1. Taking the residues in the stretch 73-129 that are farther than 23 Å from Glu159 by Cα and among the acidic types (Asp, Glu) as candidates, determine which candidate is nearest to the chain's Cα centre (by Cα).
2. Could you go through the stretch 154-164 and let me know if any residue there is open to solvent by 60 Å² or more (accessible area, probe 1.4 Å), on the phi > 0 side of the Ramachandran plot and not acidic (Asp, Glu).
3. Taking the options Ala68, Ala108, name whichever one is under 23 Å from Ala26 (Cβ atoms), open to solvent by less than 20 Å² (accessible area, probe 1.4 Å) and of a type in the set (Gly, Ala, Ser).
4. I'd like to know if the stretch 34-51 contains one or more residues that are at pLDDT 95 or above, within 17 Å of the chain's Cα centre (by Cα) and open to solvent by 70 Å² or more (accessible area, probe 1.4 Å).
5. Residues to consider are Arg155, Arg95; find the one that is under 20 Å from Ala73 (Cα atoms) and not in a loop (DSSP other than H, G, I, E, B).
6. Is one or more of the residues making up the stretch 4-24 part of a loop (DSSP other than H, G, I, E, B), of a type in the set (A, V, I, L, M), over 25 Å from Ala144 (Cα atoms) and open to solvent by 40 Å² or more (accessible area, probe 1.4 Å)?
7. Residues of the stretch 60-97 being within 22 Å of Glu42 (Cα to Cα) and touching a Leu at 6+ places or on another chain (Cβ under 8 Å), which ones?
8. Restricted to the stretch 111-143, and to residues that are hydrophobic (A, V, I, L, M, F, W, C) and part of a helix (DSSP H, G or I), which residue is surrounded by the fewest Cβ atoms within 10 Å (Cβ to Cβ)?
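The values are calculated or read from the model by the stated rules, or taken from the named source; none is laboratory data. Everything quoted here is computed from the prediction, not taken from an experiment. In this analysis, Cβ positions are derived from the backbone assuming ideal geometry, glycine residues included, and neighbour counts consider all displayed protein chains. Just so you know, the surface numbers come from the protein's heavy atoms only, side chains and all, with ligands and any DNA or RNA stripped out. Shrake-Rupley method; radii C 1.70, N 1.55, O 1.52, S 1.80 Å.
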Amino acid sequence: MDEAGGGDVTMERIGEAIALLQSGDAAGARRRFDELWGTTGEDGDAFHRCVLAHHMADVQDDPHEELAWDLRALEAADSLTDARVQQHHATLAVRGFYPSLHLNVAAAYEKVGAPDRARTPLAKARAHTDALGDDAYGESIRGALDRLEDRLEERLAAEAATGAR
């Protein structure tokens, strides 16, 4: 894991791409994530794949592509171990990844016009919220889950009322 004699070079590069995204350079971040995916790929380190796919979803213009990347991140998380993620940071646990990952999948299903399919990942996200801390991040995920659930209920009710389902 110690790729450069002092740290995880891939995670450092992912962090640089995330910084680009946070600074507003989504195109630059997408290019960097794409380059990193080219070297990591479907068979690379599960932690790298999870983090890369999670952030790659955020830079997609097409909601179907966003969903595909969110599903890749979730698939990679399913093959992670706590020991592996703790190589990156001692306080991490895989269970703590699932509220956000399932939330993103649910939100992507909503974006592609499949609110019924969003229900299962939304429930899975809720089932893992006990892994979240009582901090700003945990509150932001819980709040996003509440907002998504409200939108889904409103949308499904409207569709039922108009017979659009």
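1. If we take residues in the stretch 73-129 being farther than 23 Å from Glu159 by Cα and among the acidic types (Asp, Glu), then Glu75 is nearest to the chain's Cα centre (by Cα).
2. yes
3. Just one listed residue meets the conditions, Ala108.
4. Yes, there is a match, as at least one residue in the stretch 34-51 is at pLDDT 95 or above, within 17 Å of the chain's Cα centre (by Cα) and open to solvent by 70 Å² or more (accessible area, probe 1.4 Å).
5. Arg95
6. yes
7. Correct list: Asp70, Ala73, Leu74, Ala77, Asp82, Val85, Gln86, Val94, Phe97.
8. Here the residue is Ala136.
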